[in-house]
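To start, the structure itself, in structure tokens.
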There are 2 protein chains.
Amino acid sequence: MEAIRYELIKTCKQSGARLGRLHTPHGVIDTPIFMPVGTQATVKSMTPEELKEMEAKIILSNTYHLFLRPGHKLVEKAGGLHKFMNWDRAILTDSGGFQVFSLGDLRKITEEGVLFRSHLDGSKQFLSPEIAIGVQNSLGADIIMSFDECTPYPADHSYTKHSMERTTRWAKRGKDAHKYPDRQALFGIVQGGMYKELRYESAMQLQEIDFPGYSIGGLSVGEPKGMMREILSHTTRFLPKDKPRYLMGVGTPDDLIDGVILGVDMFDCVLPTRIARNGTAMTSRGRLVVRNATYMEDFSKLDENCDCYTCRNYSRAYLRHLVKTDEILGARLISYHNLYFLLNLMKKIREAIMEDRLLDFKKEFFESYGYEKNF
Amino acid sequence: MEAIRYELIKTCKQSGARLGRLHTPHGVIDTPIFMPVGTQATVKSMTPEELKEMEAKIILSNTYHLFLRPGHKLVEKAGGLHKFMNWDRAILTDSGGFQVFSLGDLRKITEEGVLFRSHLDGSKQFLSPEIAIGVQNSLGADIIMSFDECTPYPADHSYTKHSMERTTRWAKRGKDAHKYPDRQALFGIVQGGMYKELRYESAMQLQEIDFPGYSIGGLSVGEPKGMMREILSHTTRFLPKDKPRYLMGVGTPDDLIDGVILGVDMFDCVLPTRIARNGTAMTSRGRLVVRNATYMEDFSKLDENCDCYTCRNYSRAYLRHLVKTDEILGARLISYHNLYFLLNLMKKIREAIMEDRLLDFKKEFFESYGYEKNF
């Protein structure tokens, strides 16, 4: 039996977006969904209860970071990642591939895997498809990722093709090494850079191996937004309708809306919590830099259209004070708001799909939001 | 009408400690009480709701910090400190005296007041008894403090006497300048260093001016614990029984218990939140340095005798991971536990007074706690 099951509820008649339901060992998730990122077994500054308050159903955690600290064996001894971090809803872990490839000169890629130096202490480390899956088996997330190479942008056709093909071979090795397919769903990751035929080939090769879900990697890595949309559109059309699709690392409001329209079910991004710690909020009128002097005596709430805990209780002036004085509560309150904003945006998107008016919703959203205040 | 009213419920037959009730414009407070410190209009890393969960009834905020940032006029425009920081229970503000005197070379004291340079930007600033009260009138706390000089330790008799007498004169000027005695209770601060007769004189001079409560300043400033207890004992005996007594800046478990025994009703200290951010917990078995390798695979809770949110949900191993990775949640969870520990200690102290067994309680507490693991 598979660990997860995806149920396609309906397709938006206006936009083609998918409304679905993903059944996991830790609960049912209405899709499309945004997944808050908890890199080091904590969604930065938030408690699990707060994430539940804002209706987060699944969070992401990073294999690379947990592999190095505190170590997957320790997490396994603690009873797995859910128990370790006190989160009883679904978890998705990435494979560590993206992080080790980002190490640049500190890593060496061979067919066997990637030798790299820890960014923490410079110690030599090795990750391969088998090890990455083994680590994720220890962590115990509901959804886990194949070890892939995230092709950089730009990259030439030959490099991209070889890289994509290795990602396919690694996906197969990962699947063979996977110990708990009945309780952890392993996704294949579509690569192929900005080359349509390579994206097609990648999607086909992975489906031949057969996975319970498919991720789309190597997008939002520096390419123009138009190109990203075109490749994404070209990729999702070759993915099976009865499996979930996850667009990795994408989370600006416009990318979320367009991603959904182009057939994506799952998203994750560090953006909401990262910019919050820097004092920037996501609002229905676009980006709001809380530390700006404009808000010094502004006693209105962060977002006039928001009813989250932060907006119900605190003024821009108070949040600005907390940001300016480096108070932890500032990072907390803005993180809460930003995560709530994206989770609530996804909820509105699901409602719009249900009512076949996602294109109308997109138009309305951007009339207020304003592309110029995007991220 | 006075802003506050102190009701002496009973005196512990075993220890002489006072059980009381303090009626304030923002609620009734059972005393003796510990007041969490919210220096910059936030108890570091905590929300007001969390403070209520752990039954905090009154918090302290610092005039010096708020005077500089965001400025008391801004807080006044926001509707006062309670509204600004979303805390509808009682607040006590200090006068800024302790902070400006701590600036050392950056300040100059005259009879008129203290000229100093801001620790933030070096700008020239001035605080006098009248200004300090004016700032506190703008902030709007339920209990406010006279502008005093905290005599350093050691200090000779002549210096201490002159300093104490100026504190008395400043207390009188502050009382005359106080605009809202009906909604903000102004306390006089007993000084006099380590000289018993000066402590006596200070207590008498202040009572002649007449305040609704009395603070004891200039203790726990480096003197031996035995000396502190002796001076404290000598001071409280000259304070009126029908007014609350507040021992400033004291908050280790042994100082709290002994302070209560010596007749103190109110305490504050940054210790619980400060050490928490550094990864140290207060437990029923004394100090616990969470980041120690000992706890790497320790899946038990922080304090076996604690039922706080942190202890109900997280292991030492997880907390250690958060501390080691500098995650905000680590500071949050340990701060929560430490504040809960002290508030809960005060609750047990109140119960022990009610049952005339505070000396027994002290003995039992230290059998488990261990002085060697004190702070």
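The values are calculated or read from the model by the stated rules, or taken from the named source; none is laboratory data. Predicted model only: the values in this text are computed from it and were never measured. A quick note on method: Cβ atoms are made from the backbone with ideal geometry, for glycine too, and the neighbour counts reach across all protein chains shown. To get the accessible areas, we keep the full protein, side chains included, count just its heavy atoms, and leave off ligands, DNA and RNA. Shrake-Rupley method; radii C 1.70, N 1.55, O 1.52, S 1.80 Å.
Miscellaneous remarks
- Count - residues of the stretch A:329-353 that are of a type in the set (D, E) and over 20 Å from A:I9 (Cβ atoms): 0
- Residues of the stretch A:131-162 satisfying the condition of being on the phi < 0 side of the Ramachandran plot, open to solvent by 20 Å² or more (accessible area, probe 1.4 Å) and modelled with pLDDT of 95 or more: A:I131, A:G134, A:Y153, A:P154, A:A155, A:D156, A:H157, A:S158, A:Y159, A:K161, A:H162
- Pair list, Cβ under 6 Å, 6 or more apart: the stretch A:257-285 residue open to solvent by 20 Å² or more (accessible area, probe 1.4 Å), other residue assigned to a strand (DSSP E or B): A:V270/A:V37
- Residue within the stretch A:233-251 that is in contact with a Phe, Trp or Tyr (Cβ under 6 Å, 6 or more places away or on another chain), at pLDDT 95 or above, of a type in the set (F, W, Y) and on the phi < 0 side of the Ramachandran plot present: yes
- Of the numbered criteria (1) out of contact with any Lys or Arg (no Cβ under 9 Å at 6 or more places or on another chain); (2) of a type in the set (G, A, S); (3) surrounded by fewer than 18 Cβ atoms within 10 Å (Cβ to Cβ), the one B:S118 fails is (1).
- Exactly one residue among B:S102, B:S128 is within 20 Å of B:G222 (Cβ to Cβ) and of a type in the set (G, A, S), and that residue is B:S102.
- Tally of residues being among the aliphatic types (A, V, I, L, M) and farther than 20 Å from B:M145 by Cα across the stretch B:86-125: 2
- Whichever residue in the stretch A:78-96 is in contact (Cβ under 8 Å) with a residue 24 or more places away in the chain and at the interface with chain B (Cβ under 9 Å from one of its Cβ atoms) and, among such residues, is surrounded by the fewest Cβ atoms within 10 Å (Cβ to Cβ): A:N86
- Listed here are the helices (runs of 4 or more DSSP H) enclosed by the stretch A:256-375 that have at least 3 residues being within 14 Å of another protein chain (Cβ to nearest Cβ): A:271-277, A:309-313, A:316-324, A:328-354.
- Apart from one condition, B:L51 fits all of (1) closer than 29 Å to B:D254 by Cβ; (2) out of contact with any strand residue (DSSP E or B) (no Cβ under 6 Å at 6 or more places or on another chain); (3) among the aliphatic types (A, V, I, L, M); (4) away from every other protein chain (no Cβ under 14 Å); the exception is (4).
- Conditions (1) free of Cβ contacts under 8 Å to residues at least 60 places away in the same chain; (2) open to solvent by less than 50 Å² (accessible area, probe 1.4 Å); (3) of a type in the set (V, I, T): number failed by B:T110: (2)
- Of all the criteria given as (1) under 24 Å from the mean Cα position of the chain (by Cα); (2) buried (at least 22 other Cβ atoms within 10 Å of the Cβ); (3) not hydrophobic (A, V, I, L, M, F, W, C), the one not satisfied by B:K348 is (2).
- Here is the figure for the stretch B:54-77: residues that are in a helix (DSSP H, G or I), among the β-branched types (V, I, T) and either surrounded by fewer than 20 Cβ atoms within 10 Å (Cβ to Cβ) or within 14 Å of chain A (Cβ to nearest Cβ) (or both) total 1.
- Residues within the stretch A:286-304 that are in contact (Cβ under 8 Å) with a residue 60 or more places away in the chain and open to solvent by 40 Å² or more (accessible area, probe 1.4 Å), tallied: 1
- Listed by first and then second residue, the pairs linking a residue in the stretch A:170-183 that is more than 15 Å from A:E208 (Cβ to Cβ) to a residue that is among the polar types (S, T, N, Q), with Cβ atoms under 8 Å apart and 6 or more places separating them unless they lie on different chains, are A:H178/A:N137; A:H178/A:Q184; A:K179/A:N137; A:Y180/A:N137.
- Options A:K179, A:K172, A:K196; residue that is among the basic types (K, R), at pLDDT 95 or above, touching a helix residue (DSSP H, G or I) at 6+ places or on another chain (Cβ under 6 Å) and more than 28 Å from A:L81 (Cα to Cα): A:K196
- Within the stretch A:169-212, the set of residues being on the phi > 0 side of the Ramachandran plot and surrounded by 24 or more Cβ atoms within 10 Å (Cβ to Cβ) comprises A:G192, A:G193.
- Among residues of the stretch B:57-71 that are within 10 Å of B:T93 (Cα to Cα), those with a Cβ under 6 angstrom from a residue that is part of a loop (DSSP other than H, G, I, E, B) and open to solvent by 10 Å² or more (accessible area, probe 1.4 Å), sequence gap 6+ or separate chain, pair up as B:N62/B:T39; B:N62/B:D94; B:T63/B:D94.
- Considering B:L358, B:L339, B:L319, the condition of being surrounded by 16 or more Cβ atoms within 10 Å (Cβ to Cβ), closer than 16 Å to B:E50 by Cβ and touching a Ser or Thr at 6+ places or on another chain (Cβ under 8 Å) is satisfied by B:L339 alone.
- The residues of the stretch A:187-210 that are touching a Lys or Arg at 6+ places or on another chain (Cβ under 7 Å) and under 26 Å from A:T24 (Cα atoms), listed by number, are A:V190, A:I209.
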